[in-house]
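I have placed the structure first, in the form of structure tokens, so that the comments after it can refer back to it.
We did not get these values from a lab; they are worked out from the coordinates using the rules stated. Please read all numbers here as calculations on a predicted model, not as lab measurements. In this analysis, Cβ positions are derived from the backbone assuming ideal geometry, glycine residues included, and neighbour counts consider all displayed protein chains.
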Amino acid sequence: MTASTTRSLLDHIRQFHQQVADYCNRTARLSQDERIRLLLEYIGRHEQHLAEATAQYSAQGVDKVLNTWFRNPPAPLASADIDTLGANPGVDDVINWVIRIDNSIIDYYQSLVAEAEIPEVKTVLNNLLTMENREKLKTVRSAMRINDL
């Protein structure tokens, strides 16, 4: 990826969350297993929430932060990584998949934090990174509860 603004990088993350949400919703409708369907629906809602939260950061952010350029942003999050569940995933497959997705977003934020030179930008990215880590734990806990059904 060439130089990008904080705004465009956050929009990329928002789009990625939205793609995950859309994939979960499509896959849930096709599943015959009620636990898988419930889990994918939950993850889809969760990812939709994260897409909206990221969009709010962009909409309400300070222009100084959002218009800051990154000379060497990390490679874009790979959309191809989303469509890797296969035809008949088990609960463990879905949990491992969502952990991989969450980890890729967390790694992306960590790279951005390391690259950020302006303290205000670093603060915003650290806040988003903290949110992603917290939401990952929440997702895993909820997924494990569904697994116990």
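Summary of computed values
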{"read-out": "Residues of the stretch 120-149 classified as of a type in the set (A, V, I, L, M) and over 16 Å from residue 96 (Cα atoms), total", "value": "7"}
{"read-out": "Subset of the stretch 20-35 [part of a helix (DSSP H, G or I) and either among the charged types (D, E, K, R) or within 11 Å of residue 77 (Cα to Cα) (or both)]", "value": "22, 26, 29, 34, 35"}
{"read-out": "Failed condition for residue 9, given (1) within 24 Å of residue 140 (Cα to Cα); (2) part of a helix (DSSP H, G or I); (3) aliphatic (A, V, I, L, M); (4) in contact with a Phe, Trp or Tyr (Cβ under 7 Å, 6 or more places away or on another chain)", "value": "(1)"}
{"read-out": "Among (1) under 21 Å from residue 7 (Cα atoms); (2) in contact with a helix residue (DSSP H, G or I) (Cβ under 6 Å, 6 or more places away or on another chain); (3) in contact (Cβ under 8 Å) with a residue 60 or more places away in the chain - the single one residue 65 does not satisfy", "value": "(3)"}
{"read-out": "Matching residues, the stretch 117-149, being under 16 Å from residue 67 (Cβ atoms) and among the hydroxyl-bearing types (Ser, Thr, Tyr)", "value": "123"}
{"read-out": "Entirely in the stretch 48-149, the helices (runs of 4 or more DSSP H) that have 3 or more residues that are of a type in the set (Lys, Arg) and over 18 Å from residue 22 (Cα atoms)", "value": "119-147"}
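One line per residue, one yes/no per condition, for (1) of a type outside the set (Lys, Arg); (2) surrounded by 20 or more Cβ atoms within 10 Å (Cβ to Cβ); (3) over 17 Å from residue 134 (Cβ atoms):
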residue: 50; (1), (2), (3): yes, yes, no
residue: 54; (1), (2), (3): yes, yes, no
residue: 57; (1), (2), (3): yes, yes, no
residue: 60; (1), (2), (3): yes, no, yes
residue: 63; (1), (2), (3): yes, no, yes
residue: 73; (1), (2), (3): yes, yes, yes
residue: 79; (1), (2), (3): yes, no, yes
residue: 83; (1), (2), (3): yes, no, yes
